[in-house]
Amino acid sequence: MNNPVALQVIVTTVLLTLEDGELRVVLTPAQGEVNTSQLGLFDESIKGSEDVNLEHTVRLSLERRAAIGDVYIEQLETFSGAVPGVPETQTIQICYIALAPEAKVMPAIRRSTQLRTLSPDALPSLPYHGNKAVAAGVARLRLMGQWSIMPAYLLDREFTISQLNAVYDAVVGTTSFGESFRRKILKADVLVPVGARHTSGATKKSEHYSIRPGAFETGIRL
């Protein structure tokens, strides 16, 4: 008689940020029924009897394990099947993407010796379906960046057009620079001016903007 196959449900967050202008994945020590000496994503095991709010689980995981809160999140994909290290267990992995500005992630890394950032193209083997989750998250960000304001969530709440241009260049690889980018992004009406501010290293004030409420549904072309 065959033994029943165990089933586990994991809620995973792919936390993306920028570091020195390059896209990075934030990793943390693995948890659960895997090798806890390896790095992983923000994985949280869900018990069958729990009444779960998935978005709350994601935000709580980021706050508890990285002290990072108030970031953009959205659900990605769900992966299932056996995973390396626990072949006797079928895993259902519900994945989310989270975007956090460098100004939030770098202080968290300085406070903790357990967090690391790596390029999406230089990841080790991650627990569960982690590598598939990262690939899905990066693909989602790059696709949405071609027609939406989504990459702006990698910036602080207030930013300049040149800072936004640099993010799109890092994420989407757009060749639209300078005034051309400025014209297109302002014409799309997805930003709200918030006044002139000094930026680091600048002698003159620059106009700053924030994301207009509801702007995510507005299509833009870069």
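Values in this text are rule-based calculations from the coordinates and carry no lab data. All figures in this text were calculated on a predicted structure; none of them were measured in a lab. Backbone-built Cβ (ideal geometry, glycine too); neighbour counts: all protein chains shown.
Can you tell me how much longer the chain between Ala67 and Arg212 gets when fully stretched, taken as 0.36 nm per residue apart minus their C-alpha distance, in nm with one decimal? Could the numbers behind the result be given before it?
Numbers: separation 145, 0.36 × 145 = 52.20 nm, distance 2.66 nm.
Extra length available between Ala67 and Arg212 comes to 49.5 nm.
If you stretched the chain out fully between Glu74 and Ala196, how much longer would it get, using 0.36 nm times the residue separation minus the C-alpha to C-alpha distance? Intermediate results must be reported in sequence, preceding the final value.
Details: separation 122, 0.36 × 122 = 43.92 nm, distance 3.12 nm.
That works out to 40.8 nm of additional length.
Among Gln146, Ala135, Thr78, pick out the residue whose Cα is farthest towards the positive end of the charge dipole of the chain, where Lys and Arg carry +1 and Asp and Glu carry -1 on C-beta, about the Cα centre.
Gln146
How large is ³J(HN,Hα) for each residue in the stretch 92-106, as worked out from phi by the Karplus curve 6.51 cos²θ - 1.76 cosθ + 1.60 (θ = phi - 60°), to whole Hz, x for Gly and Pro?
Result, rounded to whole Hz: 9, 10, 8, 10, 10, 10, 10, 10, 10, x, 4, 5, 8, 6, 4.
Could you pull out every one of the lysines with an alpha carbon less than 29 Å from that of Lys204, ignoring same-chain neighbours closer than 8 positions?
Correct list for Lys204: Lys104, Lys184, Lys187.
What's the magnitude of the charge dipole for the chain around its Cα centre, counting Lys and Arg as +1 and Asp and Glu as -1 at the beta-carbon? Answer in Debye, nearest 20.
Values: 22 positive and 23 negative charges, 157 e Å.
Taking the Cα centre of the chain as origin, the dipole is about 760 debye.
Ordered by residue, what ³J(HN,Hα) values in Hz, to whole numbers, does the stretch 7-15 give under the Karplus form 6.51 cos²θ - 1.76 cosθ + 1.60, where θ = phi - 60° and Gly and Pro are x?
These are the phi-based 3J(HN,Hα) values: 10, 10, 10, 10, 9, 10, 10, 8, 8 Hz.
Express the C-alpha Rg of the stretch 72-117 as a ratio against the empirical globular expectation 2.2 N^0.38 Å, rounded to two decimals. If you can, show how the numbers build up before the last one.
Details: Rg = 15.2 Å, N = 46, 2.2 N^0.38 = 9.4 Å.
The value comes to 1.62.
Quick one: what are the phi-derived ³J(HN,Hα) couplings along the stretch 160-171, Karplus 6.51/-1.76/1.60 with θ = phi - 60°, whole Hz, x for glycine and proline?
3J(HN,Hα) across the stretch 160-171, in whole Hz: 9, 5, 5, 5, 5, 4, 5, 5, 4, 5, 6, 8.
Translational D (Stokes-Einstein, µm²/s) of the stretch 147-217 at 4 °C and 1.567 mPa s when Rh comes from the Kirkwood sum over C-alpha pairs?
D, rounded to a whole number, is 104 µm²/s.
Once every DSSP H run of n ≥ 4 in the chain is given -39500 (n - 2.57) and the sum is divided by its residues, what mean residue ellipticity at 222 nm do you get, rounded to the nearest 500 deg cm²/dmol? Working shown, then result.
Values: 5 runs with 60 residues, N = 222.
That calculation yields -8500 deg cm²/dmol at 222 nm.
To the nearest whole percent, what portion of all C-alpha pairs in the chain is separated by more than 23 angstrom? The partial results should precede the final answer.
On the way: 12279 of 24531 pairs.
Cα-Cα pairs in the chain separated by more than 23 Å: 50 percent.
Please work out the C-alpha center-to-center distance from the stretch 67-82 to the stretch 94-143 and express it in whole Å.
Using only Cα atoms to place each centre, the spacing works out to 10 Å.
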